[in-house]
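Here is the structure we will look at, set down as structure tokens.
None of the figures in this text is laboratory data; all of them are computed from the coordinates on show. Nothing here was measured: the structure is a model prediction, and the numbers come from that model. All Cβ positions, glycine included, derive from the backbone under ideal geometry; neighbour counts span all protein chains shown.
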Amino acid sequence: MSLNFPLLLVIAVFVCGLLALLDLLILAPRRRAAIASYQGSVGQPDVVVVEKLNKEPLLVEYGKSFFPVLFIVLVLRSFLVEPFQIPSGSMKPTLDVGDFILVNKFSYGIRLPVIDKKIIEVGDPQRGDVMVFRYPSDPNVNYIKRVVGLPGDTIRYTADKHLFVNGESIAEQMIGSEPGTLGSAELYKEKLGAAEHLIRKEMSRYRATPDRSWTVPAGHYFMMGDNRDNSNDSRYWDDPKIPKDLLGMVPDQNIVGKAFAVWMSWPEPKLSHLPNFSRVGLIK
């Protein structure tokens, strides 16, 4: 069972805020009244007794201490920037396993936490954006891929690993090769929308169904990983609970935000493998 961190954070903020409010409106006035009553009943009040009467209940003390910190974290995480760690190599060479990234939460609209309802329109995903979204078959799992298809687009991916958008071939320029899973992998420079980035293909690996085509419905997006032959993306998703015309599509309500920077890389979080900052920079 996946941990719903946003829900837990909202509950924590609510509980701590409730405790702080309870103390402000009820408990603190009672403590002040008790101190005033004690001071009026004795000639020389005992400081220790006064401190004891003024002491906050432990739960209230913790709630008041944590509330501002948790509230700031909630606002930052829900509306501004959220950190993520890359768990797989599906976005190589753009992103690698262990990269810690920052995601802009307001690029595609301001959304309420937990229910993810958009309340303020800001902008829409653009072709070529690197986007974090909730996996349609399991919304508790976050995925990161590149936006390839916008609403209304026709996407085609051929057996020889060429991408077409609305009938036009996406230009590629080979820039080198590297070891792959089943031989060598080739690196290409691709221009998708305004984004010029690198993609990776393993030429000895044929995973895609030959010449498949998709039409992107309104309010949905077609996503692909830059590591074209090692990415579980819109080309391969299959879920009997999802209508056939929506298979592989990411609905707008599943959008989390736009990935814009790598701030640290730590593939193996152990003392023997310290984090490094060689990959720090903006995401293309």
message: Among the residues of the range 96-110, are any closer than 28 Å to residue 165 by Cβ, among the β-branched types (Val, Ile, Thr) and surrounded by fewer than 17 Cβ atoms within 10 Å (Cβ to Cβ)?
response: no
Output for Cβ contacts, cut-off 6 Å, separation at least six or different chains, first residue under 14 Å from residue 281 (Cα atoms) and in contact (Cβ under 8 Å) with a residue 12 or more places away in the chain in the range 89-115, second polar (S, T, N, Q) and in a strand (DSSP E or B), reads 99/265; 100/85
Of the residues in the range 149-179 that are in a strand (DSSP E or B) and charged (D, E, K, R), the one that is nearest to residue 89 (Cα to Cα) is 178
### Query
Is there a residue being buried (at least 16 other Cβ atoms within 10 Å of the Cβ) and either free of Cβ contacts under 8 Å to residues at least 40 places away in the same chain or touching a Ser or Thr at 6+ places or on another chain (Cβ under 9 Å) (or both) anywhere in the range 34-53?
yes
Check: Taking the condition among the hydroxyl-bearing types (Ser, Thr, Tyr) and in a strand (DSSP E or B), does residue 236 pass?
Finding: no
